[in-house]
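Notes follow once the structure below has been shown.
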Amino acid sequence: MGGMFIVTERRISPYKLILISFSMLLILLIVLGIFIYSLEKNHLVEGAIVELFENDPKVQREMSGGEARASSKEFANEVIIFAKEILVYPFYMIGLAALLSLFGLFTIRINRFIAAIFLSFAGLLSLFTLLPPILLLFASNNLFKTASEN
């Protein structure tokens, strides 16, 4: 006894969920690609890193003692190169998730179970983006339910 039970009779079409999440992943992929490509040329990011480096108390102590090994520009360039190398992995994960969701969309009519597996993998790959995986996992859940009913 106790608690609340909510029943929803109307399901959102898996097609709509997949299209919404695919478009979100595609937009995120484009924005991330532009950000990665322009990271080395972006003077705002470099200026922010230089300012953080110069305002760090530990760095100020080392610079006043003559122990500083790197200038702020060198440090900023190293951080930007490192960030560019690291951001490539989420870029590829989002791209693969978008591709898998597209495969899932095209295989719904052929085999709902396989489409649900594609969508589940796409949801897992894009888990760090929050909203698209939720939509993809709801769509795959609906497809798993309808595949088991047939």
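Criterion first (at pLDDT 95 or above and of a type in the set (V, I, T)) does V88 satisfy it? When the stated conditions are applied, V88 passes them. Is one or more of the residues making up the range 130-141 exposed (fewer than 12 other Cβ atoms within 10 Å of the Cβ) and not acidic (D, E)? Yes. Residue count for the range 1-25 satisfying the condition of being at pLDDT 60 or above and aromatic (F, W, Y): 2. Pick from S71, S64, S148: which is small (G, A, S) and under 21 Å from I18 (Cα atoms)? So the residue among S71, S64, S148 that is small (G, A, S) and under 21 Å from I18 (Cα atoms) is S148. Listed by position, the helices (runs of 4 or more DSSP H) inside the range 48-150 whose residues that are within 22 Å of R11 (Cα to Cα) number at least 3 are 72-106, 112-125, 131-149. Checking E85 against (1) more than 30 Å from L17 (Cα to Cα); (2) in contact with a helix residue (DSSP H, G or I) (Cβ under 9 Å, 6 or more places away or on another chain); (3) not aromatic (F, W, Y): exactly one of these is not met. Which one? Result: E85 passes all but (2).
Of all residues in the range 141-149, none are without any contact (Cβ under 8 Å) to a residue 24 or more places away in the chain, over 30 Å from P57 (Cβ atoms) and among the hydrophobic types (A, V, I, L, M, F, W, C).
Picking from residues in the range 108-130 that are over 17 Å from L29 (Cβ atoms) and of a type in the set (S, T, N, Q), the one that is nearest to the chain's Cα centre (by Cα) is S120.
The values are calculated or read from the model by the stated rules, or taken from the named source; none is laboratory data. Fair warning: this is a prediction, and the values are worked out from it, not measured in the lab. Glycine also receives a Cβ, built like all others from the backbone with ideal geometry; neighbour counts cover every protein chain displayed.
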